[in-house]
1. Among the residues of segment 247-259, are any over 16 Å from the mean Cα position of the chain (by Cα) and surrounded by 17 or more Cβ atoms within 10 Å (Cβ to Cβ)?
2. With the structure loaded, tell me whether residue 195 is out of contact with any Pro (no Cβ under 6 Å at 6 or more places or on another chain), among the aliphatic types (A, V, I, L, M) and closer than 30 Å to residue 106 by Cβ or whether it fails that test.
3. Give just the number: which of (1) out of contact with any Asp or Glu (no Cβ under 7 Å at 6 or more places or on another chain); (2) surrounded by 13 or more Cβ atoms within 10 Å (Cβ to Cβ); (3) over 26 Å from residue 257 (Cβ atoms) does residue 208 not satisfy?
4. So, restricting to helices (runs of 4 or more DSSP H) that lie completely within segment 89-159, which ones have at least 3 residues that are in contact with an Asp or Glu (Cβ under 9 Å, 6 or more places away or on another chain)?
5. Name the residue that is surrounded by the most Cβ atoms within 10 Å (Cβ to Cβ), counting only residues in segment 119-134 that are over 11 Å from residue 54 (Cβ atoms) and among the charged types (D, E, K, R).
Amino acid sequence: MWRTLAGILLLAATAGHASEGEYLFGAAGCLACHTAEDGPPLAGGHALETPFGVFYAPNITPDRETGIGGWTRAQFIAALKHGTAPDGSAYFPAFPYTSYRHMSDADAGLIFDYLQTVQPQRRANQEHELPWWLARWMIRLWQWWVLDDPEPAPPAVREDPVLNRGRYLVEALGHCGECHTPRNWLGVSIRSRHLAGTRDGPEGDKVPNVTPDRDDGIGKWDAEDLGWFLESGELPDGDYTGGLMTEVVDNATSRLTVADRGAMVAYLRSLEPLPGP
């Protein structure tokens with residue numbers, strides 16, 4: 001009897017963790033990047049074109065041969081937050097661990113729990129298409145050289161639970177700065193231009209300024225406009241977003257709770273206004 005009850009409680013706890021992990025997984029935008037066009041969900045193969053070459057996202061289903069089915073929770077957290085593969089090698093920063101490192105270990109672990117529940121897909125990972133001089137061993141040096149401790153939140157943000165939650169969603173889970181912030185020649189985000197947009201975003205697209213600058217950014221949007229945009233993709237002029245942001249809205253921000261979208265809006269509107277690119 002007690003063994004049966006313990007089993008039921010364990011299953012209930014596992015289901016709860018998976019449900020929480022599914023929400024965090026959505027907020028982190030994993031589906032779009034790890035699913036190839038017309039391919040099975042999360043089996044990898046999606047191409048990300050960058051100035052450094054074409055990167056192909058890996059299989060993150062729990063297939064033991066080609067996915068992450070043989071990984072431990074600790075190995076997954078190390079990959080997600082520190083860019084370290086189970087064999088000790090470094091991941092290229094096309095994988096946004098530069099933002100995910102702000103995530104808590106607990107939340108990273110919940111995402112792992114969820115991924116263990118999805119359908120395994122047997123699909124071997126595809127080799128990246130990179131210039132001859134860009135080798136994986138160089139990335140460990142890059143990590144050592146450019147990845148310092150995460151910048152702490154300003155006191156006003158830390159003390160306001162709504163702004164603090166919004167910062168976590170924007171900077172860590174949503175990794176908005178990976179697309180909306182320009183980079184230097186080393187591929188490192190320029191902190192003084194954080195979220196101010198760039199003319200050379202992923203896949204060569206121009207990415208808009210999302211600071212509250214009234215001329216170049218979202219300073220003329222009211223909170224309702226911005227919240228509705230995150231839910232629907234509709235701009236204040238009635239047009240709709242396009243490109244990669246369509247995937248972000250469809251797979252991530254539209255699936256957040258109203259409270260979490262509101263926290264993102266509050267945080268973005270609290271930032272220092274910066275002129276666009």
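1. No.
2. So residue 195 fits the description; yes.
3. (3)
4. Answer list for segment 89-159: 105-115.
5. 123
The numbers here are math on the coordinates, done by the rules we state, and not lab data. Bear in mind the structure is a predicted one, so any value in this text is a computation, not a measurement. Note that we place each Cβ from the backbone using ideal geometry, even for glycine, and neighbour counts take in every protein chain shown.
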